[in-house]
Amino acid sequence: MHSVKTMEESSKKPILQLEDISKTYSSKASFFGDTGKEVIALNHISLKIFKGEIFGLIGESGSGKTTAGRLIVKLEEPAAGRIFLDDSEITRFKGKALKDFRLKVQMIFQDPYQSLNPQVSIYDTVSEPLLIHKIDNVQARKHLVLQTLKSVGLSPPDDFLHRYPHQLSGGQRQRVAIARVMVLKPQFVIADEPTSMLDASISAQIFNILLEMREKLDVTLLFISHSLAAARYLCDRIAVIYRGNLVEIGRGEEVIQKPKHPYTQALLDAIPKFGHWDEVESYNTFLKAERDTSQGVGCPFFSRCKVAHQERCSQERPHLRKSDNSHSVACFYA
Amino acid sequence: MSMEKPNKKHLNRFPWIARFLRGWAIYKQNILGKIGLTLLVMFGLMALCSFIPPLIDPMYQPMIGVDPEISCSTGPSIKHWLGTDFMGRDILSQLLAGARVAFMVGVSAAFMSIVLGTTIGMIAGYMGKFIDTLLMRLADMIMVMPTLLVVLILAALFGQLNIWTIVLIIALFRWPGVSRVIRAQTLSLKQRPFIEATKVAGASHVRIIFRHIMPNILPLAFLYMTFRVTSAIITEAALAFLGFGDPSTVSWGMMLQWVWKTGHMFKAPYWLLPPGICISLITLSFYMLGRAMDEVLDPRLRNEEQAG
Amino acid sequence: MALLEVDNLSIGYQTPKGFLQAVEGVSFSLEKGESLGFVGESGCGKTTIGTALMRLLPRNGSVKSGHILFEGKDLLNMSDEEMRLIRWKKVAMIFQAAMNALNPVHRVDDQIAEAILAHDPTSSREDAEKQIEDLFQLVGVPKDRMRDYPHQYSGGMKQRAIIAMALACRPKLIIADEPTTALDVIVQHQILEETKYLQKEFKISIIYISHDISVIADACHNIGVMYAGQLVEYGSRTEVFSSPVHPYTKALLSSYPTLTGEKDKLEPIPGEPPNLIKPPSGCRFCDRCPSARASCKTESPAWAELTSTHSALCSCIR
């Protein structure tokens, strides 16, 4: 059993904070009559992540969860809002400040078959961050690489140094990706769907590595996924995101066992019952046929919410409000 | 095990040596590559040996050496292994000189157009937006111009062209094709997660372009280079055959021109066939070389042991 | 007589490195209206079984031994023409990432109509259109979207269109290879529910192939667990899921995080699956098996029957 850090145990000041973040994508009008569209990827998102916790951001495709991760790691810039790491605002970082920032915040990508350069050996891949940040001594670099490879379970590490990605299995590649991230000993790591391309038994290995990382190196982890079950296993707190809006945040076990938002309830209904076929109690909050709504007005889940109240939910957008001390929901009727 | 260590230390100091030896081991396994390389070595020897005949006897000079006793085209003999051309010049020395010219022209033109095309393609692909548009429209304009025609016009305007001018023109007209392909490859690479991962690790643009994008592009660039060599050799041969080559340079195309112009096409197979066969074989061997090198440079194409 | 009876099926692929024994000695049967799920991780041979049932193995694949009896006739002995008549009319297949199988330059109803008319030349275009309307209603795609192009459909809609295409000729058996893998959780759930409904309504037998045991368990009457080309456990879903017997099945189940119950530490399976070009003698799982005995390495495991419906390929049971 791994230790569960509650909010009381970890420090009260957040290590990462998103303040009112919004991001839009506009597709250009094409020659063939497609009028340009603006898609709201993230809609005024605010959240706090505390040091040493594993925080889960759970949503389906198109929910904006990957975008949130990319904004934090500065692969893209938000359209509005601010991001804070410890106390410094990182939204406008450039140049040296940006490079120093990269020492502290890293990302594990989803596809282990694409996130390693096929032309580069494992040694070069894992040692590259050290080279970039000028850890000059060749011996020191090699030692760090070997140590990190061992810590992600690639043993004996010497065997892997001169291999290339195509010689490794998916699980091994993902471990190399984790090693590349951990070799710099960052403070904050985003894991963007790290196991969606891997088989179940390999995924389990990766989950356990992530837990170990948190234990031994005191790293704070943002776990982005579509799987509530994986989030329950790994995360201290879970946030559920729907079409760019945070709909529920709370302690992992609470969100799973006592979900308050109709969308979270719909998600839990939809997850395969895993053997508990007799307990067919379901929340039944999902509307099969989508309701007509006007764009941008009202609750984002209104078009699919069976328990919505027509007048209020279609006109007003609910904000996250605390329902008890650690559980917040964006719903008028939760 | 103690034998391993000294070797490894030695290799680690010069990683290029290790990489080259590894590459060679892979290359050796490819049959096409071995045939291609053998042929090229043969042509290379021919090119090197082109200096020998004139040293033996001035009559073996490819351009100006004339056999005092022969003044017409004759068949193979002891003195002239492939016979003589219409002026009494030795065909074998011409063939050897032609090999030298083929390498010079082929490799220089290809190299120049690849360097130009790759650089422009990478910059256009990576920078995008205005620079990309500008460079690609330039490429479009050049691509539509027919090389041969332009050279003919230039020859008509400025008289007979020097061989190096021809090389330069071939290079200047052939880079657009390369740059389009390189640009497309760069564009698709730019989006790949491993490039993003390097950005997240803090890499600069320069590092990304030269350490990550270029090595993934090099196989393509090399492959194109081998095609460019073949096309450069054939272009030069075509120009020479049509009479627009450098008259002071003996190339295989020039030899074919002489055969044709002097009406010996069907009368002197010992004169007609060698240059023709050489052109075909050298282009084939460069192609085979390109295919084998592709396997070396792209780890995924190798037939190696895979785990799992 | 069972709708489908497979007996001792062995399939392999000729690769540059040697002959890959992808499936070995698999036997199972399927009654009319039942659903069977094959579950296993990558490389276990489940997709190979699916393609072999349709006789759509790639050129380097071959059936080494065994019989596939469909309605009493051996599919492996049929001529290409006879097989072509069976495909789509009696047995339909939904391939992996099938939503990418829709041709982007043709309208969706054109593509389905083409499939219908190809297998029933006597029907007219109007008949086909009417059939497509009915099918779309069945699978839950609005009628007014029939004339759209595939790129205008969402992932879930494309998958539904593919299911409609598979149902078009009212087959007796559908083989669905990872039908919901690329879809979101809620859409996946809907499609599985709809498929279960269609199956009951029209008494269609379905073979599901997936790497996700939770999806299979939700959707199928019976489960077959595959490992390294062999069927290692077979039984009803309650039997396999709630009381698994084979060490691999047990290990596989404990690698999935659960939503309810105790939050036990996930036990990943150490090691890697064996190389199928030179498959090991003896039990193929023994290197990774927590309860392996010395004899497991040399002796081939035997089938142990626990009930009339539940059996496992393991010598260490009972």
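None of the figures in this text is laboratory data; all of them are computed from the coordinates on show. Keep in mind that this is a model prediction, so the values were computed, not measured. No Cβ is skipped: glycine too gets one built from the backbone with ideal geometry, and neighbour counts run over all protein chains shown.
Using a Gaussian network model of chain C in which every pair of alpha carbons under 10 angstrom is joined by a spring, one finds that among C:G66, C:G33, C:G271 the greatest mean-square fluctuation is at C:G271.
A:I40 sits among other residues whose Cβ lies under 13 Å from its own Cβ, and their net charge, with Lys and Arg +1 and Asp and Glu -1, is +3. 3J(HN,Hα) along the range C:93-110: 10, 10, 7, 4, 6, 5, 5, 7, 7, 6, 5, x, 9, 10, 5, 4, 5, 4 Hz, from the Karplus curve 6.51 cos²θ - 1.76 cosθ + 1.60 with θ = phi - 60°, whole Hz, x for Gly and Pro. Here the sum of -39500 (n - 2.57) over DSSP H runs of 4 or more residues, divided by the residues of chain C, equals -8500 deg cm²/dmol at 222 nm, to the nearest 500.
From least to most packed, judged by other beta carbons within 10 angstrom and beginning with the fewest, C:Y234, A:Y283 follow the order A:Y283, C:Y234.
A simple count of charges around B:T262, restricted to other residues whose Cβ falls under 15 Å of its Cβ and scoring Lys, Arg +1 and Asp, Glu -1, yields +2. Length available on full extension from C:S29 to C:S236: 0.36 nm per residue minus the Cα-Cα distance, which gives 73.3 nm.
Averaged over peptide A:203-210, the number of partner chain Cβ atoms lying within 10 Å of each residue's Cβ comes to 4. The range A:282-315 and the range A:320-334 have Cα centres separated by 18 Å.
Compared with the rule-of-thumb size 2.2 N^0.38 Å for a compact globular protein, chain A has a Cα radius of gyration ratio of 1.06.
Between the range C:121-144 and the range B:102-158, the C-alpha centres lie 55 angstrom from each other.
Ranked by the mean number of other Cβ atoms within 10 Å of their residues, highest first, the peptides C:77-86, C:48-57, C:10-19 come out as C:48-57, C:10-19, C:77-86.
A straight Cα-to-Cα reach below 20 Å connects C:K90 with the lysines C:K32, C:K73, C:K172, C:K196, C:K200, C:K203, residues fewer than 8 places away in its own chain not being considered.
For the pair C:K297 and C:Q152, label points projected 7 Å from Cα toward Cβ lie 6.4 nm apart. For chain B, with a Gaussian network of springs between Cα atoms less than 10 Å apart, report the residue from B:A237, B:A197, B:A124 with the top mean-square fluctuation. Evaluated over chain B, the most mobile residue of the options is B:A197.
For the residues of A:74-83, the average number of beta carbons from a partner chain within 10 Å of their own beta carbon is 1. D by Stokes-Einstein for the protein assembly as shown, Kirkwood Rh over Cα pairs, 10 °C, 1.306 mPa s: 48 µm²/s. Using a Gaussian network model of chain A in which every pair of alpha carbons under 10 angstrom is joined by a spring, one finds that among A:A229, A:A177, A:A68 the greatest mean-square fluctuation is at A:A229.
One decimal place: the segment A:A97-A:H44 gains 16.5 nm when fully extended, by the rule 0.36 nm per residue minus the C-alpha distance.
Taking other C-beta atoms within 10 Å as the exposure proxy, A:R102, B:R211, C:R147 rank C:R147, B:R211, A:R102 from fewest upward. The distance linking the range B:207-243 with the range A:190-238 is 47 Å (Cα centroid to Cα centroid, whole angstrom).
Placing unit charges on the Cβ atoms only, positive for Lys and Arg and negative for Asp and Glu, gives chain B a dipole magnitude near 1380 debye about its Cα centre. 222 nm [θ] for chain A, helices only, -39500 (n - 2.57) per DSSP H run of 4+, per residue, to 500? It lands at -9500 deg cm²/dmol. Close lysine pairs were tallied over the range A:258-334: pairs 8 or more places apart or on different chains with Cα atoms under 19 Å apart number 6.
At 222 nm, what value in deg cm²/dmol follows for chain B if DSSP H runs of at least 4 each add -39500 (n - 2.57) and the sum is divided by all its residues, to the nearest 500? Let's see the in-between values first.
Details: 12 runs with 217 residues, N = 308.
Mean residue ellipticity, 222 nm, calculated: -24000 deg cm²/dmol.
For a straight C-alpha distance cut-off of 19 angstrom, no lysines are reachable from B:K261 once same-chain residues fewer than eight places away are disregarded. Charged neighbours of C:S300, selected by a Cβ distance under 14 Å, balance to +1 (K, R count +1; D, E count -1).
Just the projected area, averaged over all directions, of the convex hull on the alpha carbon atoms of the range A:258-334: how many nm²?
The orientation-averaged projected area of the Cα hull of the range A:258-334 comes to 5.9 nm².
Suppose R0 equals 22 Å. What FRET efficiency, 1/(1 + (r/R0)^6) with r the Cβ-Cβ distance, do C:E81 and C:F202 give to the nearest 0.05? It comes to 0.25.
Among C:F202, C:F28, rank each residue by its count of other Cβ atoms within 10 Å, from fewest to most, as a rough exposure measure.
Fewest-to-most Cβ neighbours within 10 Å comes out as C:F202, C:F28.
The dipole here belongs to the protein assembly as shown: it is taken about the Cα centre, uses +1 on the Cβ of Lys and Arg and -1 on the Cβ of Asp and Glu, and is about 2520 debye.
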